[in-house]
Amino acid sequence: MDQLDYKIEDAVQLNKPQIAALKKLEIFTARDLLLHFPFRYLDFSKTQKLKELKTGESVSVSVTIKTIASRFSFRGRMSLAEALVSDDTASVKVVWFNQSYLAKTLKKGEAIFLAGTPEVYKGTLQFVNPIYEKASDFPVHTSRLVPVYHLKSGVYPKTFRNLVKSCLPLVSGLSDDLPAKILNQHELPNLKDTVRFSHFPENLEQAGLANKRLAFEELFINQLAAQKTKLELRAKAAYPIGFDQALIKNLLARLPFELTPAQKKAAWEILQDLEKNLPMNRLLEGDVGSGKTLVALMALAQAAGAGFQTVFLAPTEILAKQHFETAKKYILSPQSLSTDTRCVLFTQNFSIVNSKETKKRNLLEEIREGMPGLYFGTHALLQKTVKFKNLALVAIDEQHRWGVEQRAELIGSQAKVPHLLSLSATPIPRTLKLARFGELDVSQIRTKPKNRKAILTRLVDSRDRQKAYAFIEKQARAGRQAFVITPLIEESDTLGVKAAKAELSVLQKAFPNLKIGLLHGRMKGADKDTAMADFLANKTQILVSTSVVEVGVDVPNASVILIEGAERFGLSQLHQFRGRVGRAEHQSHCFLFLSQETPEAKERLSAFCKTADGFELAELDLKSRGFGEIYGQAQSGWNFKYFNPDYLALIEPARQAARGLLTDDPGLKKYPGLWAKIKDKIIHFE
Ligand code: ADP
Ligand code: MG
């Protein structure tokens, strides 16, 4: 066995707590240790003579210990070690608080390096708690860019650096999974150099190169898995669904409005894809309120009308129910669909066929037998017990991951792969889309239905709260309704429920004449349903809600949304909230309140007030808050460690490289190392 793969405790001397701490970091072998990279550096690369020292500058010095002793400071109530050190230019005092043992570790006459920032004390310069190490040709704690690691308690930064240093000679045994040709082409260091450069760089360029290589590798692996998945998908067939003009005509005739040109174009693109026997992979992107649901419903109706099963997956029960109701209203008619086509709602709490409650067991049986129809549901539809027989189309709403995995889960033992349509209101820069999932076709709805007015957005000073309330009161008297969003707290958290309830009682006092409803993620499905139904029917005029309301809830009569603690949300998310109003002809308003009125928050949010374009807001989020904001907290599958917005330019090269390699060697037979890295990431369709 290669020394690199020895257990770490056999390769170097370690005590039990250290071994345990390393295990927590998933470091079991010397290889793991070497591949645990620092995330930043302390810059102690500047070395100085003692005579040149200045306050406030991080430096390293090379000195000899003249005297060293420990004592107890009664005033500070702590023990300390005090030393006088010198070089050939001057002497300087050094104090280490709470480290009196150093008086024994370090000896008079010993040559050491110190790293720190000198301070003035009683008129003279001194070092307080500097990092020290024995003088050597290869310092690792001082006199260089010093690596800083994510660690767990039980292992000190110094210990960890020493461990890396002692394992560093093993680097010669590391083999690189990335082909040399690709590295050369993109001027990236090989793995050996990357390890050396990353842990102990000679300068920032080296550290930067190492990071770049790691980011590239991550993107490359990600692309390789995505493209391999795509290859597998391409080898599969889908059910071709013929265009049924009469059906679409009937459906459109039932709508109380005309489709917008953008909706028509998107629907056209989708219906054309459905006619092919290649699985569709399409993202339908459009700002909140742009009318994506109907476009999706047209596609689902088309497939269901042809006798297939179709699924519309929603992230929440509320939303699944809402789509189900919309579908029943517009689609479920004897004219447009054959009589044995159904609209089904299948969630944790519901199991309804058309208007009839049905036993889950019976419904599951019908699904297995291939009963055609439109199945609306949540994750409940992804359970193993749900076995579709001829599922031809899956539409996924507001799922930023584009449903690739979900489609694979739904496929069961079917020979054919369903077409996939993903709906998203989160505008994602194209480059990032590629990073997440190779290529996918995109239909965009960039214009809204004509009857919409711009939503007037205002950042409200806390002193003007009563004015905002008075405004809501007036709107309610005119027949309108309002959402109130409580500050962001984990949806599952009882604190979130508490906050929402507290807000409810505040508002009940402020609006004694209005009925106020409450909606939060911890409520039972039926209660949520009642709360939504009451609001929709204007039985309640105000709905207090946690962020559950974010995703797609449609109440056209609502004209005000008041958001508390707005600074805690990303702009994209605020935009989603704002999209809850302005969904009909009424002039709508969005009021933002801050829980902490900092200048940064005010600036960020005033940009939000001025911008109605979701794409622009997403770009702002990307700049100010990185990727996380765009993809939302709950997004898994976006777990890049090294890739960040600085490396956007690497996406395209990584994609090309992955494609080139797979063209050469689709099974990655020549690259077992790469295969091992992607094999669990490929999504199989069988
Ligand atoms: P989103 O794209 O955010 O999912 P929805 O599909 O929920 O938007 O549509 C928002 C609202 O606009 C719904 O009430 C829907 O009935 C309505 N709507 C959809 N298309 C049109 C249209 N062409 N003209 C007028 N209203 C429309
Ligand atoms: Mg929607």
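Taking the chain as the reference, fit the longest principal axis to its C-alpha atoms, fit the long axis of helix 245-254 to the helix C-alpha atoms, and give the angle between the two in degrees, 0 to 90, nearest 10. Relative to the chain, helix 245-254 is tipped by roughly 90 degrees.
Using the Cα centre of segment 46-143 as the reference point, and only Cβ charges (+1 on K/R, -1 on D/E), how large is the resulting charge dipole? Debye, rounded to the nearest 20. Provide the component values of the computation, followed by the final result.
Working: 14 positive and 9 negative charges, 91 e Å.
Using only the charged Cβ atoms, the result is roughly 440 debye.
Between Glu369 and Thr663, the modelled labels are 5.1 nm apart [label points 7 Å from Cα along Cα→Cβ]. A dipole drawn for the chain from +1 and -1 charges on Cβ atoms has a positive end, and of Trp268, Phe388, Val95 the residue lying farthest that way is Val95. Where in segment 587-619 is the amide nitrogen less than 11 Å from a point lying 7 Å along the Cα-to-Cβ axis of Arg568? Only 595-596 fall inside the zone, counting backbone N under 11 Å.
Label Thr124 and Ser58 with points 7 Å out from Cα along Cα→Cβ: what is the distance between them in nm? Those two pseudo-labels are separated by 2.8 nm.
All other residues whose Cβ lies under 12 angstrom from that of Thr29 are scored, Lys and Arg at +1 and Asp and Glu at -1, for a net of -3.
Note down the Stokes-Einstein diffusion coefficient of segment 245-445 in µm²/s, whole number, using a Kirkwood radius over alpha carbon pairs, 10 °C, and 1.306 mPa s. Spell out each step's value before the answer.
Numbers: Rh = 16.7 Å.
The calculation lands on 95 µm²/s.
What is the distance in Å between the Cα centroid of segment 314-330 and that of segment 96-140? About 68 Å separates the Cα centre of segment 314-330 from the one of segment 96-140.
Could you order the peptides 314-322, 180-188 from most to least packed, using the average number of other C-beta atoms within 10 Å per residue?
Working: 314-322: 23.1, 180-188: 14.4.
Per-residue mean Cβ counts within 10 Å order the peptides as 314-322, 180-188.
The per residue volume of the convex hull around the alpha-carbon atoms of the chain is 205 Å³. With contributions of -39500 (n - 2.57) from each DSSP H run of at least four residues, the per-residue ellipticity at 222 nm computed over the chain stands at -11000 deg cm²/dmol.
Values of log10 I(q)/I(0) for segment 501-563 across q = 0.14, 0.28 Å⁻¹ run -0.37, -1.51, by the Debye formula with one identical scatterer at each alpha carbon and no solvent.
Hey, can you rank 242-250, 192-200 by average C-beta count inside 10 Å, highest first? Kindly include the intermediate steps, with their values, before the conclusion.
Working: 242-250: 14.1, 192-200: 21.0.
Top to bottom by mean Cβ count within 10 Å: 192-200, 242-250.
Where does the charge balance sit around Asp176 when Lys and Arg score +1, Asp and Glu -1, over other residues with C-beta under 14 Å from its C-beta? Charge balance near Asp176 sits at +4. Distance from the Cα centroid of segment 539-615 to that of segment 17-47 is 43 Å (rounded to whole angstrom). At full extension, Ala90 and Glu110 could sit 5.6 nm farther apart than now, given 0.36 nm per residue minus the alpha carbon distance.
Normalised by residue number, the volume inside the convex hull of the Cα atoms of segment 46-143 is 94 Å³ per residue.
Think of each Lys and Arg Cβ as +1 and each Asp and Glu Cβ as -1; about the Cα centre, that makes the dipole of segment 456-631 roughly 680 debye.
If the only charges are +1 at each Lys and Arg Cβ and -1 at each Asp and Glu Cβ, what is the size of the charge dipole of the chain around the Cα centre, to the nearest 20 debye?
On the way: 96 positive and 74 negative charges, 238 e Å.
I would put it at about 1140 debye.
The residues packed around Glu110, meaning those with a beta-carbon under 13 Å from its beta-carbon, carry a net charge of +4 if Lys and Arg are +1 and Asp and Glu are -1. Model label points for Asn538 and Thr385, set 7 angstrom from Cα along the Cα-to-Cβ axis, are 4.2 nm apart.
Only the coordinates and a few stated rules stand behind these numbers; no lab work does. These figures come from a predicted structure and were not determined experimentally. All Cβ positions, even for glycine, are placed from backbone atoms using ideal geometry, and neighbour counts span all protein chains on display.
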